[in-house]
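Input: a single structure, listed below in structure tokens.
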Protein chains: 4
Amino acid sequence: MEIGFIGLGNMGAAIAINLIKGGQSVSIWNRTATALKPVLDAGAMAATDAEAVFAAPVVFSMLADDAAIQGLLLDSGVLERVGAAGRAGGKRIIHVNMATVSAAFAEELAQRHADYGIDYIAAPVMGRPDVAAAAKLTILAAGPAAARQRVQPLFDLISQKTVDCGERAAQANVLKLAVNMMLVSAIEAMSEASALVHAYEIEPKMLIDLVSGTLFPGPVYQGYGGMIARSQYEPAGFRAALGLKDVRLAIAAGEQQQVPLPLASLLRDSLLEALAHGDGDKDLASLGAVSARRSNRPR
Amino acid sequence: MEIGFIGLGNMGAAIAINLIKGGQSVSIWNRTATALKPVLDAGAMAATDAEAVFAAPVVFSMLADDAAIQGLLLDSGVLERVGAAGRAGGKRIIHVNMATVSAAFAEELAQRHADYGIDYIAAPVMGRPDVAAAAKLTILAAGPAAARQRVQPLFDLISQKTVDCGERAAQANVLKLAVNMMLVSAIEAMSEASALVHAYEIEPKMLIDLVSGTLFPGPVYQGYGGMIARSQYEPAGFRAALGLKDVRLAIAAGEQQQVPLPLASLLRDSLLEALAHGDGDKDLASLGAVSARRSNRPR
Amino acid sequence: MEIGFIGLGNMGAAIAINLIKGGQSVSIWNRTATALKPVLDAGAMAATDAEAVFAAPVVFSMLADDAAIQGLLLDSGVLERVGAAGRAGGKRIIHVNMATVSAAFAEELAQRHADYGIDYIAAPVMGRPDVAAAAKLTILAAGPAAARQRVQPLFDLISQKTVDCGERAAQANVLKLAVNMMLVSAIEAMSEASALVHAYEIEPKMLIDLVSGTLFPGPVYQGYGGMIARSQYEPAGFRAALGLKDVRLAIAAGEQQQVPLPLASLLRDSLLEALAHGDGDKDLASLGAVSARRSNRPR
Amino acid sequence: MEIGFIGLGNMGAAIAINLIKGGQSVSIWNRTATALKPVLDAGAMAATDAEAVFAAPVVFSMLADDAAIQGLLLDSGVLERVGAAGRAGGKRIIHVNMATVSAAFAEELAQRHADYGIDYIAAPVMGRPDVAAAAKLTILAAGPAAARQRVQPLFDLISQKTVDCGERAAQANVLKLAVNMMLVSAIEAMSEASALVHAYEIEPKMLIDLVSGTLFPGPVYQGYGGMIARSQYEPAGFRAALGLKDVRLAIAAGEQQQVPLPLASLLRDSLLEALAHGDGDKDLASLGAVSARRSNRPR
């Protein structure tokens, strides 16, 4: 199938390459051209601009945040024009947005796409770039059922699992935000618990090994926990600055529906403290350094 | 081996029965006699009082909290007398304290036992009563190495694993508190995340299934998460009031070493809110009801 | 002097009327015409639209929030056109924005006005509608010094004091946000302290009288404290929903500069809880009801 | 009147001297004898031990905390003996406890004194040492009405005001804790607000001057605020470590009655962070340094 792909950062590039490996014909565009290289090498075609990408019947995008999407696709008039062109040509484009956007913007995007006659699928993913490269993502998909059915074979090329989040786009995004809030919570809990045991001359590694071998198996407690135990926060798998973005979006989603989220607020402030101390580009696990600094026992 | 056992609540009784099943000769005592029944039925002998239990060379205790131990064993003079008797008789008793006590009290207990010539092993356990009954506990053991070695065969009868926490008693207790703080954190995270998705008309069950099948496998997210998803907080596996006790002890341990634990503080207040609303005897998972109530969307 | 005034809610109307009383010639516009009545009765002239108001050399605006200003003055092209018209006519308009806006938007507004050749004065005020009516506001003014000097006689008609906040617009707004964050903090402190003493059968009134007669004199502890002591949250002098807005803006201002504000975060969640329970239109003091509910001791 | 006085730290000494100045005959005792000097110089008599002080019909004490009182007066048997001696001699002693103790201990003290036949007056005070020296304290007095009436002339010598807190001792202590919790809240609010404005290149002094001249007059915002504005935390009027003690007692009082106090919890962690960074003996206002450090903008 002809597929368009916009936004080729670490995540986008890995996904696009898997689509190509799966036999799809992929045309790509990115704000900065240098990012295109590995995907072109894998067999993609370079589109002249974002709008040209929408010549394909299915377009994936993986852009940084609400503002990037707003600027590139809405304010620019791209979506409006390609929707009109589609309607004129009797075909209905599908836009699969894999970015983690705010709940409010998800609702707005769904509405705008509907207005323009484009099928909109919210498809935020769970998994870091290495997981994306291994085609092991979990996709949280919401949008018109028929459209989702049509892209499912594509999702199967890039993920291990698609979770059906229903028709309402915001639901996929809110689920994603809730998951990431839980992720950051687990890291904060490990950070504080590590600071506590360290003050009693216990190696944090002992705590992390203990819990990840019993109550808390799985990649989060083991992976992020290991980074905290080693006080090693680079290279970043999931940047602290991005984690802050997601926590902020979770808080905003809560605020929109009047749901107090005191834990998310605490996470926000801890992440902000990490950023204030220059750790925004380090891994989320650098919350471990925040807890250590608060207790004045750097590790 | 002759073993004494003091404190036969749900946990203590299950452990004592496993010692008996393992071929040990167990004499028991409990503040309220009714609790003795199932253990006597399993083959234990009733001691006349707590002091008589210390006729055995190894005594386990599983008492409710610092105050219970203080009253029964220290203020009463029991430990002082049995230590003196042991020294007089040329034998050194081992006391295995399985309760979750404060770090400060753990240090004091270790000192007092040393003063009285009794080997003190701090051996708090991870696992709820059903885990204890299945002899699948994880024991966090700290104390004199020789004494720990001597009781290891007994630990093997009641647990699946003993974690060596070194010579200093408080370390085992602090590790336990750190683990339970992480446990309550995970529950609070699920509670808030569930309140968030619920406000967007997503079933919390969907969130819990999603995370426990991906990022957060294991018993905590599945077990407590399931209770939150079903808004079913009884019967209690781990009572909210006990969870509050453990969080309070973690905070106190942090305070002693000047370690701020803002997340633990948040958990304390949430649990207190649960208790204020009558849920102290319900499961820890009733934090789910706290989050739901805060957002005025009871489930 | 000819003055324009846009936005005639409780605050705006009171201020506009004082300008009229001070002998100024005031033309007004409001999104909903009904709000104009009392100001017209006081002697104002109705402008045909927001743009017409800028025929005056000095225009005050008191609009609800960033979005209202964005829509009415920026997106609409009003400011751009009136700036161009001013330049064409060789006169430079002054726009005095009395609204509490975000720090980021304050910076943007300053830039946009500069681009359009309009002098921009950020002039958020301290004081509730009754204070505005009594011309007892405190004005926090930032912007070009010459322009501020020119409008000072007008400020004197509506306030008891103007605080010189320098040339940078955002500084006036950040100061305002910091003050309001302190205001809400004081209310939360009284709310929690009242819940505490109430649980010991002490009348919150006793606490409030005690502190406002000793450590904490002044209008906040006495006024809001009195509402908490009486559990009477209507009529609202400062609506909880507006308080939440200001706390949110303080948090956002902090985030922009990587300043963690855990207390502001706590206030946000408490206010959100007030809103979730239907108290958004009640007074800020309804934080007292939040604390009471958390402890399950409604007063 | 003959008066005994135990505990002559900064506060105790200042109060005792005012009693002497008021014409009373005061016999004193202190754990460390060096502290007696200024009070002896003022005309006091040195008692041989704490018990001897109770030869007087009215005894004031101002000891450090629950543990000091427990050790010196209860565990030692002093109160029991002097109560018995009083009954034997047909006279009833009054003990005025001016320390800030926990709510739980206040209840226990009241009970124990009643058991021993001693009238117990809880009389915690508001005011720092300089206020005590100026006889301008505010006394929060609770206990048997007749006894309170008898010591009122003494209170008048050392204070500007006595607040009648009823018969139940704990009420005076809880009121005191509630007030101090509000005090620390105000300091935290100023600290965070100062960090916020500082990040926008506004002098914190400007903020403090603004609020203490408008919304928040009075000694707290001006005094502590001034210290924050100057980043000058020594000499300490009210030590951070003591502030932490009071906040901890407020939290404990809340916990006893199941009153969540999230703001107090936040204050606890901020103060603990101050202590971890070596500021325990500096003034409470050193919360200002905590906020500045979190944002990595030391002042």
### Task
Using a 10 Å cut-off on Cβ to Cβ distances, tally the other chain neighbours for every residue of C:270-282 and report the average as a whole number.
4
### Task
Name the residue farthest towards the positive end of the dipole of the range A:66-219 from the options A:MET181, A:VAL211, A:ALA110, assuming +1 on Cβ of Lys and Arg, -1 on Cβ of Asp and Glu, about the Cα centre.
A:ALA110
## Note on the structure
Over the protein assembly as shown, the sum of -39500 (n - 2.57) across DSSP H runs of at least four, divided by residue number and rounded to 500 deg cm²/dmol, gives at 222 nm -16500 deg cm²/dmol
### Query
Cα gyration tensor of the protein assembly as shown, axes a ≥ b ≥ c as square roots of the eigenvalues: rounded (a/c below 1.5), prolate (a/b > b/c) or oblate?
oblate
### Query
Label-to-label distances across copies for C:GLY77, with labels 7 Å out along Cα→Cβ, in nm, shortest first?
1.4, 9.7, 9.8
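Express the relative contact order of chain C as a whole percentage, based on alpha carbon pairs under 8 Å and six or more residues apart in sequence.
Relative CO of chain C lands at 14 percent.
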### Summary
Each label sits 7 Å from Cα toward the beta-carbon; between C:LYS21 and C:SER231 the label points are separated, in nm, by 3.8 nm
### Message
Leaving out ligands, DNA and RNA, and with a 1.4 Å probe, what % of the accessible surface on chain A is carbon or sulfur?
### Response
53 percent
### Task
Partner chain Cβ atoms within 10 Å, averaged over the residues of B:200-206 - can you pull that number for me?
6
### Message
Return the chain D residue and its Cβ-to-axis distance, rounded to the nearest Å, for the rotation relating D to B.
### Response
D:SER265, 2
### Query
How many partner chain Cβ atoms sit within 10 Å of a residue's Cβ in peptide B:180-187, on average, as a whole number?
5
### Query
Magnitude of the Cβ-charge dipole of chain A, K/R +1 and D/E -1, about the Cα centre, nearest 20 debye?
360 debye
### Query
Magnitude of the Cβ-charge dipole of the protein assembly as shown, K/R +1 and D/E -1, about the Cα centre, nearest 20 debye?
0 debye
### Query
Under DSSP H, which helices of chain A have Cα atoms covering 30 Å or more of the helix axis and a Kyte-Doolittle average no less than 0.0?
A:169-199
#### Entry: the range C:59-115 - charge dipole about Cα centre, Lys and Arg +1 at Cβ, Asp and Glu -1, debye rounded to 20
420 debye
## Note on the structure
FRET efficiency for D:ARG92 and D:ALA252 from the Cβ-Cβ distance with R0 = 30 Å, rounded to 0.05, comes out at 0.45
### Query
Counting pairs of Cα atoms in the range D:153-299, how many percent are more than 23 Å apart?
40 percent
### Message
Placing the label point 7 Å from Cα along the Cα-to-Cβ direction, what are the distances from A:GLY278 to the equivalent spots in the other copies, shortest first, in nm to one decimal?
### Response
2.0, 5.4, 5.6
### Query
Among B:26-38, C:239-251, how do they line up from the highest to the lowest mean number of other beta-carbon atoms within 10 Å?
C:239-251, B:26-38
### Inter-copy separations for A:ASP130, label at 7 Å along Cα-Cβ, nm, ascending
3.5, 6.0, 6.4
### Task
Report, by chain and number, residues whose modeled amide H sits under 5 Å from the one on A:ALA44, excluding near sequence neighbours (fewer than 5 apart, same chain).
none
### Task
Obtain the nm distance between the two label points defined at D:ALA64 and C:MET45 by a simple spin-label model: each point lies 7 Å from its Cα along the Cα-to-C-beta direction.
7.7 nm
### Query
Residue by residue through the range B:59-71, which ³J(HN,Hα) values in whole Hz follow from phi under the Karplus form 6.51 cos²θ - 1.76 cosθ + 1.60 (θ = phi - 60°), with glycine and proline marked x?
10, 9, 9, 9, 9, 5, 6, 3, 5, 5, 5, 4, x
### Message
Rounded, prolate or oblate, given the Cα gyration tensor of chain B, with a/c below 1.5 counting as rounded?
### Response
prolate
### Message
Over chain A, with a Gaussian network built from C-alpha contacts below 10 Å, which listed residue (A:MET181, A:MET227, A:MET98) shows the highest mean-square fluctuation?
### Response
A:MET227
## Note on the structure
Charge dipole of the range B:224-299 built from unit charges on the beta carbon (Lys, Arg +1; Asp, Glu -1), centred at mean Cα; most positive-end Cα among B:GLY278, B:ALA292, B:LEU242 is B:ALA292
### Task
Using Cα centres only, tell me the gap between the range C:227-289 and the range B:90-128 in whole Å.
48 Å
### Task
Starting from the Cα gyration tensor of the range D:1-95, take the square roots of the eigenvalues, sort them a ≥ b ≥ c, and report rounded, prolate or oblate (rounded when a/c is under 1.5, otherwise prolate if a/b is larger than b/c, else oblate).
oblate
## Note on the structure
If one builds a Gaussian network model of chain A from Cα atoms under 10 Å apart, the most fluctuating residue listed among A:GLN258, A:GLN171, A:GLN222 is A:GLN258
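The values are calculated or read from the model by the stated rules, or taken from the named source; none is laboratory data. Because the structure is predicted, anything quoted here is derived from the model rather than measured. FYI the Cβ positions are ideal-geometry reconstructions off the backbone, even for glycines, and counts take in every protein chain you see. Accessible surface is based on the protein model in full, side chains and every heavy atom, while ligands, DNA and RNA are left aside. Shrake-Rupley method; radii C 1.70, N 1.55, O 1.52, S 1.80 Å.
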